[in-house]
Amino acid sequence: MARLSSAVTVGVWTDHSHHGKTLTLSNRDAVALLAFLATLVSIVGVRSWRITRFILFMVCFPKSARQANRSDQTGNKTNDNADPTQILPYQVILRNSETPNGAALSLLTGIFPKGSSITRTTNQHRVKSTILGAVALSHGIIFIALSILTSQIVLGRTVVSKVTSTCGHWIVKVDENRDSTLTHNEWRLNSTLDADNYVQNCYFGSQSTGIFDCEMLASQSIPFTVFHDADCPFQSHVCRTNSAFAMETQNISLAQLGLNTKVASQLYFRRRSTCAPIREKLFYVKTHTSKDLPWLTDNENITIYQFDTGSTSSPNGSFSYAVRNDRFGTSYEIAAYRIPIFDPTNVTKQPSPLRFFDPLFYGFHGPSLILLSGRGVIFYEQSDDPLWSVHTKVKYANGSLAGVDFNEARPAYQMDSNLNIIGCDERFQLCSANECLPWSGLYSSFTAKHFNEHTTYDNETFLNVDISLEMLAYLISETAIPDSIATRDGSSALRASRTLQAGVQLHLEPEQWKTELTYWFGVAMARLQLDMYKTIERHEGLNRSSVLNLWSRGPLRDKLCGKIKFRSPNHTSLSFAGVIVVVVVSSVLIALSFFEVFVDLIPAKWRGNRVLVWASSENLALLEGKQTVESEALARGETKA
């Protein structure tokens, strides 16, 4: 399946599922941006230390100490009992350390004072050094952590499609032209095979080999639940067993399918298929032998079955199916049909036995049929599986072949009936945040008006809901189980064929028919996901003259094109708000770190003692003070001489 890495919106877009702005960049640009942000935070860590050290300088030292320090430096006597020599080292370290880590190292060395005597003052120094060093060290660690955590603004590989010239839901036009029919069958088969491949690799807990990308779609799979004791969907005399098998999805939002609109998270759907083996004798018409059809051999026959559908699309409201009883066939023959019925609640138009026990008025609610034959397949074990029903013992001719005596051959069995049938009731339900619509067949035609009884929409939302439902109606109609089988034969469509070798069925699961149905239902859900993804642009293999875009009218293209989310390996998405917060906060802190420039502009008489001590503790100021003292001492010495 082709990647659509070129059909990606690069830049800022709104992710309606998470109600926020997302920034999508190519992997190279995203790495460069993350490196820049990490470096920026590291720089902020250094620059913001200027603010922290100023606060520590102002808070951690009493005002009296600052006055004593200032009086000592100016040579004026003071009655303050504080010892400036004990405070000055910490002032100098805080005032002149350019990095928090350097300050922490210098301050923590105060724990081990010079000299061997330990006094009360020494212990006070240790406490002060430990506290200040811990604060400085914490400051450095915090910004190192913040630098690393800038990577948390990465949201992953989720991107949104851009508007393309071929965006839409494309189907192959079918007319009387033989070529168009072949093209349609090929397109339908390829779509089914795409879904089948995806299910094999990405559904049911499969461990992908890496050849097939399971992280491409918005959701890897559509979860569903199976029910083993469901009620027969047909009249009680139609089903071969007392119970049926049902498969039902959870409430799946359109956002889970990848649609990125305001209403996508508010609209949900459920799909349910209830299937049961049905009695093939109810549809039996006649068995033709060589007496009826001269071109048949003496051991061959053809059995005709007829299915009354009540549909005007079939001649006489029915269709026939012929099964050739080929004892030498080495594979299964499988066929699948879905029969849409306009009004299944009208009993006179849909005679038994294909009439549902609980028919639905909406959506052309009709049965899906799976027909399986394989009388030539050999089994070495009997099976009660209702789709296979293997109990008939193979009768060998007397004699031997290649030294093998047929009378001593291993017992073998074949399927009991020429044809085994499964019938399914497939239905669909739509829900909004406040209500659910009635169940319908797969050809639904619901609009936003059906929700209006309990839900009030403004005009814009009404249009978005209407278009979303119309888009979903196209996709849901292709999720019937017969579409998961398509035109494939048994070797491709059946899971049982994986253990079929040279006409011998080596193994069957205890309930193989349920295994097959579960897999086909998974294929139907995967097809739904992939069909949504394929609306981004037309497949390159489709000839424009032979296809039709169901989104050709304006509102569908305007509202849905460029609105499909998927995952791209060549792009990275980041939180746009996260990027802005990092840049803005960093810029503010860097700007504030230049406060010293403005402090120097304040006149000395307005600064206050604390700020004056801060200024006098700077390295150059200390050096200048030392040079002044030395000059004065030198001058006094010359005078005495």
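The values are calculated or read from the model by the stated rules, or taken from the named source; none is laboratory data. Being a predicted model, the structure only gives us computed values, none of them experimental. Don't worry about glycine lacking a Cβ; one is built from the backbone with ideal geometry, like all the others, and counts go over all protein chains shown.
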TODO: Take the stretch 29-47 and flag every residue that is surrounded by 14 or more Cβ atoms within 10 Å (Cβ to Cβ) and among the β-branched types (Val, Ile, Thr).
DONE: Val41, Ile43, Val44, Val46
Open item on the list: Anything in the stretch 134-189 that is part of a helix (DSSP H, G or I), closer than 21 Å to Ser573 by Cβ and in contact with a strand residue (DSSP E or B) (Cβ under 6 Å, 6 or more places away or on another chain)? List them, or say none.
Closed with: Ile153
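Yes or no, residue by residue, for (1) outside the structural domain of Gly205 (by TED's automatic domain parsing); (2) without any contact (Cβ under 8 Å) to a residue 12 or more places away in the chain; (3) not in a loop (DSSP other than H, G, I, E, B):
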{"site": "Leu442", "(1), (2), (3)": "no, no, no"}
{"site": "Leu463", "(1), (2), (3)": "no, no, yes"}
{"site": "Ala473", "(1), (2), (3)": "no, no, yes"}
{"site": "Arg498", "(1), (2), (3)": "no, yes, yes"}
{"site": "His507", "(1), (2), (3)": "no, yes, no"}
{"site": "Thr515", "(1), (2), (3)": "no, no, yes"}
{"site": "Thr518", "(1), (2), (3)": "no, no, yes"}
{"site": "Met525", "(1), (2), (3)": "no, no, yes"}
Open item on the list: Checking the condition in the same structural domain as Asp425 (by TED's automatic domain parsing) and within 27 Å of Asn464 (Cα to Cα), which residue from Leu282, Leu257, Leu189 passes?
Closed with: Leu257
- [ ] Considering only residues that are touching an Asp or Glu at 6+ places or on another chain (Cβ under 9 Å) and either of a type in the set (Ser, Thr, Tyr) or without any contact (Cβ under 8 Å) to a residue 24 or more places away in the chain (or both), look in the stretch 409-440 and name the one that is surrounded by the fewest Cβ atoms within 10 Å (Cβ to Cβ).
- [x] Glu435
Open item on the list: Please determine whether any residue of the stretch 436-455 is touching a strand residue (DSSP E or B) at 6+ places or on another chain (Cβ under 9 Å), farther than 26 Å from Ala336 by Cβ, modelled with pLDDT of 80 or more and among the small types (Gly, Ala, Ser).
Closed with: no
TODO: Would you check which residues across the stretch 82-98 are modelled with pLDDT under 50 and assigned to a helix (DSSP H, G or I) and list them?
DONE: Pro84, Thr85, Gln86, Ile87
Open item on the list: Checking Gly156 against (1) assigned by TED's automatic domain parsing to the domain that holds Thr22; (2) modelled with pLDDT of 65 or more; (3) surrounded by fewer than 16 Cβ atoms within 10 Å (Cβ to Cβ): exactly one of these is not met. Which one?
Closed with: (1)
- [ ] Only residues that are aliphatic (A, V, I, L, M) and at pLDDT 80 or above: list them for the stretch 529-544, please.
- [x] Leu530, Met532, Ile536
Task: Scan of the stretch 91-101 for residues that are surrounded by fewer than 16 Cβ atoms within 10 Å (Cβ to Cβ) and over 22 Å from Leu612 (Cα atoms), ordered by number - done: Thr99
TODO: Say whether the condition of being in contact with a Cys (Cβ under 6 Å, 6 or more places away or on another chain) and not small (Gly, Ala, Ser) is met by at least one residue in the stretch 298-309.
DONE: no
Task: Filter result for Val547 (β-branched (Val, Ile, Thr), at pLDDT below 90 and either within 32 Å of the chain's Cα centre (by Cα) or under 30 Å from Leu469 (Cβ atoms) (or both)) - done: yes
Task: Selection count where residues are in contact with a Phe, Trp or Tyr (Cβ under 9 Å, 6 or more places away or on another chain) and either modelled with pLDDT of 90 or more or under 30 Å from Gln505 (Cα atoms) (or both), scope the stretch 328-382 - done: 18
Open item on the list: Cβ-Cβ under 6 Å, sequence separation 6+ or interchain: first residue in the stretch 157-183 and among the aromatic types (Phe, Trp, Tyr), partner outside any helix (DSSP H, G or I). Which pairs?
Closed with: Trp170/Arg538; Trp170/Val547; Trp170/Asn549
